[in-house]
Amino acid sequence: LKDMLLFGAEFLDISLPSPIQFMLQPWPYLLAVLFGFAVSVIGALFPAMRAWKVSPLEGLSHVSAQDMTTVPSRHILLGLAAAVGGGIAIGLGIFGVVSIDVSQYGAVSLLIGIVLMYPVVLAPLSHAASYLWRTGRRVESNLALKQILRHRGRTSLTVGVLFIAGATGVAMAHSILDNVRNLKEWYRKALVGDYYIRGMLPSMDTGTSADLPEQLEIPLTALEKSGEIAFLDRVKMVSAQAQVVNREGPIDDTKEIPEELNIVLVIRQFHEPEKSPFDLITPKNPKARKEILEHMRQGEVVIGNIAAARLQVGDGDTIEIGGGEGRHKVRICGVTNDYLAAGVTLYMDWDTAQRTMKIEGVDGYIIRASSGQLLALKPKLEAICKEYDVLLNSQAEIGQRINQISNGISGCLWGLIFLGFVVAAFGVVNTLSMNVLEQTRELGLLRIVAMTRVQVRRTISIQALIIGAVGLVPGIMFGLGIAWVINLAMEPSYGRPIEFTLHPGLMITALLGSMLITWIAAIIPARRAAGVNLAQALHYE
């Protein structure tokens, strides 16, 4: 968070609240406490309901009859209903009937439903997982499998925790990585200049900023005439309003369309025709994409994807914009994926805006160096910027800073995934510890017969690995499906298409890392089991 705020303050020259302001807000802490308390109470209901159903005779036995059977059928039916309801909510989000927020709650409902139905597949999956460790460990594997299925209720809950950890971790990781990749693709296409001169970027809310000094253009024009600057483009950003005049395509009646949308009007020159500064979503035709700048010179505009989604407009539609002098009708020739001003943007050719809207002043210059002049041009631009007290940024500096921010986000992401698996590992420790306590007499008898301490440790470790494989492997695979669904729901909800990309390295790392954490979680219960005193174990009840 600190890095992102510093990036906004230093690079974007905009005022953002400090981390202290976020920390002093009481509501996040209060909601966290209330949510944690509510989850604890809800988590206690299930064992409490089972406890009052245990008969005195059943309570005197080592293992409850309820624990040796699967969960009640009504829980399976409840899980099926939750899974079906969640799937329907996700489908509605994909088709744009509901927002992505509803789809996210649907994904949570789907996860809970699958966990409630997990006991149905616990036995076959456990048998399949046990075969992975049977080579040379047949006795330990059979004993581990027996103990896992002996306590199906407890094992199902632990497996469910691992399933949710794997599914949510992989889904969140894939979705964030795909969004970061989309951001990088945007800036590679949008930032076509070698250098950028500006005073201050406009406010993301109003689009207003201070104009650059008029005298600044004199030395820049001189460098252009000398051949050191190949292309010099002027940029102006102003706040404006957009209203739909003619819409050729269908509209979604479930979404509210504003009568007038506040946008940021980006007016700029395009002197380099082969360098289109747009990450175009439409038009799809490659030939039409090449002609996009020519259409803009004829008075047409390119609209940002978020603005297009809110107004429900696209190629060929006509909107009316208010800004500068009067109101003007313009035709849309393309929709671009845009992160500037949150995508609520409208791009117009400089000459068209000067002619129709009488816009004056310059907010910034986009400079493309001539061939072989990239490094030699920088000190000259630095001297000019220092003289006029304006800012100079190179494309490399901007890209490096964006990469630093995205790498920081990725680092935080891995930290959250690791934390989720650690929390799930505590559930494994609890389950194995309870198994060891209930197996104390049995382990003592096995030790007396011929079982070694090493075999005891292996048995407990294999229990952990079987539980991990049954919960994590399906969870990670299901997480891929959630990530794919999230990406599909992004475009109808936010107008930003996010391409789903498989990240094999992430999946392998998540699986091996989580299995390692699960195995480490078995060390304490395994040592306890191996250290059982044989004389005391025979008298243990």
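The values are calculated or read from the model by the stated rules, or taken from the named source; none is laboratory data. Here the structure is a predicted model, which means the values were calculated and not measured. In this analysis, Cβ positions are derived from the backbone assuming ideal geometry, glycine residues included, and neighbour counts consider all displayed protein chains. Heads up: the accessible areas ignore ligands, DNA and RNA and are worked out on the full protein's heavy atoms, side chains in. Shrake-Rupley method; radii C 1.70, N 1.55, O 1.52, S 1.80 Å.
Would you say residue 299 is at pLDDT below 90, open to solvent by 10 Å² or more (accessible area, probe 1.4 Å), at positive phi and out of contact with any Gly (no Cβ under 6 Å at 6 or more places or on another chain)? Talk me through it step by step, then tell me what you get.
Values: at pLDDT below 90: no; open to solvent by 10 Å² or more (accessible area, probe 1.4 Å): yes; at positive phi: yes; out of contact with any Gly (no Cβ under 6 Å at 6 or more places or on another chain): yes.
Answer is no for this residue.
Answer with yes or no whether residue 397 is open to solvent by 80 Å² or more (accessible area, probe 1.4 Å) and either of a type in the set (Asp, Glu) or in contact with a Ser or Thr (Cβ under 7 Å, 6 or more places away or on another chain) (or both).
no
Within region 235-252, work out how many residues are among the β-branched types (Val, Ile, Thr) and more than 32 Å from the chain's Cα centre (by Cα).
The qualifying residues number 3.
If you check 450, 489, 483, 510, which single one turns out to be open to solvent by 50 Å² or more (accessible area, probe 1.4 Å) and either small (Gly, Ala, Ser) or touching a Cys at 6+ places or on another chain (Cβ under 6 Å) (or both)? Before you say what the answer is, go through the steps one by one.
Values: 489 fails: open to solvent by 50 Å² or more (accessible area, probe 1.4 Å); 483 fails: open to solvent by 50 Å² or more (accessible area, probe 1.4 Å); 510 fails: open to solvent by 50 Å² or more (accessible area, probe 1.4 Å).
Of 450, 489, 483, 510, the one residue that is open to solvent by 50 Å² or more (accessible area, probe 1.4 Å) and either small (Gly, Ala, Ser) or touching a Cys at 6+ places or on another chain (Cβ under 6 Å) (or both) is 450.
Given the residues 495, 427, 420, 411, which is the only one that is surrounded by fewer than 14 Cβ atoms within 10 Å (Cβ to Cβ) and modelled with pLDDT under 85?
Only one candidate passes the filter, namely 411.
Taking into account only those residues within region 339-354 that are among the hydroxyl-bearing types (Ser, Thr, Tyr), open to solvent by less than 30 Å² (accessible area, probe 1.4 Å) and outside any helix (DSSP H, G or I), which is nearest to residue 179 (Cα to Cα)?
That would be 345.
With the structure loaded, tell me whether residue 269 is at pLDDT 85 or above and under 26 Å from residue 396 (Cα atoms) or whether it fails that test. Reasoning before the result, please.
Values: at pLDDT 85 or above: yes; under 26 Å from residue 396 (Cα atoms): yes.
Criteria met by residue 269.
Cβ-Cβ under 7 Å, sequence separation 6+ or interchain: first residue in region 116-129 and closer than 22 Å to residue 82 by Cα, partner assigned to a helix (DSSP H, G or I) and among the acidic types (Asp, Glu). Which pairs?
Pairs that qualify, where the first residue is closer than 22 Å to residue 82 by Cα and the partner is assigned to a helix (DSSP H, G or I) and among the acidic types (Asp, Glu): there are none.
Against the definition (open to solvent by 70 Å² or more (accessible area, probe 1.4 Å), charged (D, E, K, R) and either under 26 Å from residue 486 (Cα atoms) or at pLDDT below 70 (or both)), how does residue 13 come out, yes or no?
It is false that residue 13 is open to solvent by 70 Å² or more (accessible area, probe 1.4 Å), charged (D, E, K, R) and either under 26 Å from residue 486 (Cα atoms) or at pLDDT below 70 (or both).
Restricting attention to region 255-276, report how many residues are open to solvent by 70 Å² or more (accessible area, probe 1.4 Å) and touching a strand residue (DSSP E or B) at 6+ places or on another chain (Cβ under 9 Å).
Total meeting the criteria: 5.
Would you be able to tell me the number of residues in region 302-314 that are of a type in the set (A, V, I, L, M) and open to solvent by 30 Å² or more (accessible area, probe 1.4 Å)?
So the answer is 1.
It is to be established whether one or more residues within region 438-448 are outside any helix (DSSP H, G or I) and without any contact (Cβ under 8 Å) to a residue 40 or more places away in the chain.
For region 438-448, residues outside any helix (DSSP H, G or I) and without any contact (Cβ under 8 Å) to a residue 40 or more places away in the chain: absent.
Answer with yes or no whether residue 278 is under 15 Å from residue 315 (Cβ atoms) and among the aromatic types (Phe, Trp, Tyr).
Values: under 15 Å from residue 315 (Cβ atoms): yes; among the aromatic types (Phe, Trp, Tyr): yes.
Taking the combined requirement at face value, the residue satisfies it.
Do we find that residue 221 is at pLDDT 90 or above, exposed (fewer than 15 other Cβ atoms within 10 Å of the Cβ) and not small (Gly, Ala, Ser) in this structure?
It is true that residue 221 is at pLDDT 90 or above, exposed (fewer than 15 other Cβ atoms within 10 Å of the Cβ) and not small (Gly, Ala, Ser).
Is it true that residue 96 is open to solvent by less than 50 Å² (accessible area, probe 1.4 Å), closer than 30 Å to residue 487 by Cβ, at pLDDT 75 or above and not basic (Lys, Arg)?
Criteria not met by residue 96.
Using the structure shown, decide if residue 465 is in contact with a helix residue (DSSP H, G or I) (Cβ under 8 Å, 6 or more places away or on another chain), modelled with pLDDT under 85 and open to solvent by 10 Å² or more (accessible area, probe 1.4 Å).
no
Taking the conditions exactly as written (in a helix (DSSP H, G or I), in contact with a Pro (Cβ under 9 Å, 6 or more places away or on another chain) and open to solvent by 10 Å² or more (accessible area, probe 1.4 Å)), does residue 125 satisfy them or not?
Yes, satisfied.
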